[in-house]
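See structure below.
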Amino acid sequence: MRVGWCLWLPTVLAAQSRNWRPEDRILITDFSVVDAVAASPWVIFAATRHGLLIYDRRVHAWQSPVTTLEGFPAARVRIALADPVGSSVWLGTDEGWARYDADQHHWDMGPATGGVAGLMLDARDPVSGIFVRDQSGWRFLPRGALLPIPGTPLPPPGARVTPLDVQAALQSAPMAQALRALILTDPRLRTYQFTSAARPPDGSDLFFGTNGVGLVRIDPTLSQWEPLPFTLIGVGADALATGPDGVWAVSTSAAGLRTGVGPAGGRSGITWLPDELSATSSVEPQPGSGFGFATVYRLLAAGHQLWIATGSGLYRMDPESGKTRRFAASDGLPSEDVRALAPAPDGVWVGTTKGLAVVTTGDRIVRLGDEGVAVLSLVAVGETLWVGSTVGIGVLAPGSPAPAEDAGMPAAPALRAPVVALARCGDTLVAAFSDQVAWRDPAAARWTVERPRVPLGTLAVAGSDAGGVWLGGTLGLAWWNIGRSVYQRLEIPGDLPAPVRDVQASPRWVWVATDSGVVRLRRDAIVGAR
């Protein structure tokens, strides 16, 4: 059935709480599947399932990706062709055409019957517009117009500029054909395919899109190839841990299944996201030692190791090699359902659904306290450990054999609810419950309980910061200035793509783990400079 153009509507962005500059908000998700590639003199465009990637050949670094938060088409991209006017690219999707201007950060979009199956420029006059092929055949789209028009003669064969075919690209580079199996096999011996190709006007390198390892650069002259990774290891992120000049993000197969966009047998592992986001690096646990479909609750970086709290045990992982050790009940954990982590003076505090323990630097596990109480959150303040459990808030003083109830608990019965997260702002402790928050005056040792003054849905996380704390839930993220009782909210959808799983703050950036990936926010764009 022919679809009427009058019924077509462009992608509409959800309401946002503020106007974002591209550098102030960046979403990193699974960009490993590249459906189309286009090359201009200095820039390579890679259209993936979840966004448009832009690689700057001059500095050998990635620019900020363009995702659905910035208007990337919801329909799957099938074909791409670089526009010689500015740093722009034409895209053909299952629903129509789109053009993105990377200099102006601007989208133009329009419909095409049955989607766009071909794009063509006239080398003699590439400025006037582009030829678009849909179910009705070739039509000409004048620059600035919405609808292609029929009847314009096609350019002669020698003047036709079209996307590069994968087979033609391989035939022009015998080295790529010979090393195809090596290039398309990852460290876990999974194999992939080339999906698309492009060659810059200078004719030096070839760039191939793949269906699992992202973008690959091939130098046919020197017989060299180079993967250009820029992706999260999965669609979503479960937890974050700060490192030097960046964060670690853990993703599992379960994260993709929550949103319905991840594969049933998806990858699980750790991705390093540097502050400048010029590239990413990922590592999966060695075969037989991964956490697979287990739910991940927390991630902690301690020394040169990463600790991962999951519903099927505690994992310690070397982020360089992927070598992993699992701690289970047979090793002394109160339970293999591990919910919380915090750095200890001689190891790592571990909160489980059957109590608290510490894993010492010698891998000895010491249990502490009542094994019948589920520990959901932990925060260390010096050598003192604050414990959030299903029955409220406790404190483990240095040298104590078990946590004790905080002295302020009897005066605030509301604190006896499950504590989903703990955070701190200086000496002020903050507790998050499913629908309310509380803060502890360090001078008076008194708790104040209140409901957030902005809609956040069901609360799930709290992040420590200077001057306030971050609160995240199913409907948004908020900066809470406790002293001024001020909340600044980011909405879902709009400002953020999906429910918040974790949040980590640094002096310059705020990193947010969501079911749709990791969002890097410029901190002073939300709360001002420290």
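The values are calculated or read from the model by the stated rules, or taken from the named source; none is laboratory data. Just so you know, these numbers come straight off a predicted model, no measurement behind them. Every residue, glycine as well, gets a Cβ built from its backbone with ideal geometry; the counts of neighbours run over all protein chains shown. Only protein heavy atoms, including side chains, enter the accessible area calculation; ligands, DNA and RNA are left aside. Shrake-Rupley method; radii C 1.70, N 1.55, O 1.52, S 1.80 Å.
Kindly list the number of the only condition in (1) open to solvent by less than 10 Å² (accessible area, probe 1.4 Å); (2) assigned to a strand (DSSP E or B); (3) under 29 Å from G494 (Cα atoms) that fails for R99.
Result: R99 fails condition (1) only.
Which one of these is among the polar types (S, T, N, Q) and within 28 Å of D108 (Cβ to Cβ): S223, S196, S204?
Details: S223 fails: within 28 Å of D108 (Cβ to Cβ); S204 fails: within 28 Å of D108 (Cβ to Cβ).
Testing whether each residue is among the polar types (S, T, N, Q) and within 28 Å of D108 (Cβ to Cβ) leaves just S196.
Of all residues in region 479-530 being of a type in the set (V, I, T) and over 24 Å from G236 (Cα atoms), which is most open to solvent (accessible area, probe 1.4 Å)? Quick ask: steps written out before the conclusion?
To start, the set of residues in region 479-530 that are of a type in the set (V, I, T) comprises 482, 486, 492, 500, 503, 510, 512, 514, 518-519, 526-527.
Then drop every residue that is not over 24 Å from G236 (Cα atoms), which leaves 482, 486, 527.
Values: I482: 25, V486: 62, V527: 37 Å².
Looking at the filtered set, the residue picked out is V486.
Within region 107-140, work out how many residues are hydroxyl-bearing (S, T, Y) and under 37 Å from the mean Cα position of the chain (by Cα). Give the steps one after another, and end with the answer.
Residues of region 107-140 that are hydroxyl-bearing (S, T, Y), as a first pass: 113, 128, 136.
Remaining after also requiring under 37 Å from the mean Cα position of the chain (by Cα): 113.
So the count comes out to 1.
Regarding R133, is this residue more than 26 Å from I26 (Cβ to Cβ), open to solvent by 50 Å² or more (accessible area, probe 1.4 Å) and in contact with a Leu (Cβ under 9 Å, 6 or more places away or on another chain)? Explain how you work it out, then say what you get.
On the way: more than 26 Å from I26 (Cβ to Cβ): yes; open to solvent by 50 Å² or more (accessible area, probe 1.4 Å): yes; in contact with a Leu (Cβ under 9 Å, 6 or more places away or on another chain): yes.
Against the criterion (more than 26 Å from I26 (Cβ to Cβ), open to solvent by 50 Å² or more (accessible area, probe 1.4 Å) and in contact with a Leu (Cβ under 9 Å, 6 or more places away or on another chain)), R133 qualifies.
Suppose the filter is surrounded by fewer than 21 Cβ atoms within 10 Å (Cβ to Cβ) and over 26 Å from G214 (Cα atoms); does T68 pass it?
Details: surrounded by fewer than 21 Cβ atoms within 10 Å (Cβ to Cβ): yes; over 26 Å from G214 (Cα atoms): no.
The answer is no for T68.
Please go through region 102-123 and pick out each residue that is open to solvent by 10 Å² or more (accessible area, probe 1.4 Å), more than 22 Å from I54 (Cα to Cα) and in a strand (DSSP E or B).
D122
Which is assigned to a loop (DSSP other than H, G, I, E, B), open to solvent by less than 30 Å² (accessible area, probe 1.4 Å) and modelled with pLDDT under 90, of P263, P285? Can you show your working first?
Numbers: P263 fails: open to solvent by less than 30 Å² (accessible area, probe 1.4 Å).
Going through P263, P285 in turn, the sole match is P285.
Quick one: which of L240, L228 is touching a strand residue (DSSP E or B) at 6+ places or on another chain (Cβ under 6 Å), over 20 Å from R316 (Cα atoms) and modelled with pLDDT of 90 or more?
After applying the criteria, what remains is L228.
Which ones in region 417-446 are open to solvent by 20 Å² or more (accessible area, probe 1.4 Å) and either outside any loop (DSSP other than H, G, I, E, B) or touching a residue at least 60 places away in the same chain (Cβ under 8 Å) (or both)?
Matches in region 417-446: R424, C425, T428, W439, R440, D441, R446.
Quick test for you: out of V449, V510, pick the one residue that is among the β-branched types (V, I, T), in a strand (DSSP E or B) and within 28 Å of A279 (Cβ to Cβ).
V510
Can you go through G144, G86 and tell me which one is open to solvent by less than 60 Å² (accessible area, probe 1.4 Å), modelled with pLDDT under 95 and under 30 Å from N19 (Cα atoms)?
Selected residue: G86, the only one of G144, G86 that is open to solvent by less than 60 Å² (accessible area, probe 1.4 Å), modelled with pLDDT under 95 and under 30 Å from N19 (Cα atoms).
Among the residues of region 220-239, which ones are in contact (Cβ under 8 Å) with a residue 40 or more places away in the chain and over 14 Å from A61 (Cα atoms)?
Selection gives P220, S223, W225, L232, I233, G234, V235, G236, A237, D238, A239.
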